[in-house]
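Encoded as structure tokens, the structure appears first; notes follow it.
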Amino acid sequence: MSAVFAANPLIEVAPGLMIWTLITFGLAFAFLKWKVFGPVQAAIDARRQRIREAIEEADKARADARRLLEEHRSMMQEARGDAEQILAEARRVGESQRERMREELEADRQRRLDETSKQIESETRRALEQIRAEVAELALLATSKVTGKVLTGDDHRRLIDEAIGELDFSRLERAR
């Protein structure tokens, strides 16, 4: 096996080649560190910082969203309370208006009943006066036919008063 390893020049240990390889590697590493790794690391650090800032902003936005949601919920609760209060007030006003209308209608109905009663009483009195006048007229006519004589004005009055006094108008007045 050693013959196989010795036959391959890449596996052979050559101290000069090893030193030049190490020097080239060191120079390439220094150059890469100076020109490439620094800017790459700076870009990585900048990106890391932007990601941190974005996460912080997202956390702030989430906190703001939660705060706004809580404000919205409290405003909705307040609005519901206000709406219930407005509805209760509207119901109260509606009920008071309904009661006022009921009272006004009752007062108007009572007023009309009173007016109608007064009209009925007035018409009844007028009818009774008319009946009395007609009865007096009929009494005069009947008296002049029965007695066959013409009476004086005082006689007429006396006879009328007596006839009316004998008539019973209380039944007519009670019928009212």
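Values quoted throughout were computed directly from the atomic coordinates according to the rules given, and no laboratory measurement underlies them. Bear in mind that the values here come from a model prediction, so they are computed numbers and not experimental data. Because the Cβ atoms are built from the backbone with ideal geometry, glycine has one as well, and the counts that use them run over all protein chains shown.
Only Lys, Arg, Asp and Glu carry charge here, each on its Cβ (+1 for the first two, -1 for the last two); on that basis the range 33-78 has a dipole of about 500 debye about its Cα centre. Placing unit charges on each Cβ (+1 for Lys and Arg, -1 for Asp and Glu) gives the chain a dipole about its Cα centre, and among 25, 116, 133 the Cα reaching farthest toward its positive end belongs to 25.
Under the simplified labelling scheme, the residue 86-residue 133 pair shows an inter-label distance of 6.9 nm, with each label point 7 Å from Cα along Cα→Cβ.
Rounded to 0.05, the FRET efficiency of the residue 40 and residue 69 pair, given R0 = 45 Å and the Cβ-Cβ distance, is 0.60. Each Lys and Arg adds +1 at its Cβ and each Asp and Glu adds -1 at its Cβ; summed about the Cα centre, the chain shows a dipole of about 1160 debye. When every alpha-carbon pair in the chain is counted, what percent end up more than 30 Å apart? Percent of Cα pairs beyond 30 Å in the chain: 74. Dipole of the chain computed with +1 at Lys/Arg Cβ and -1 at Asp/Glu Cβ about the Cα centre; of 142, 49, 10, farthest Cα towards the positive end is 10.
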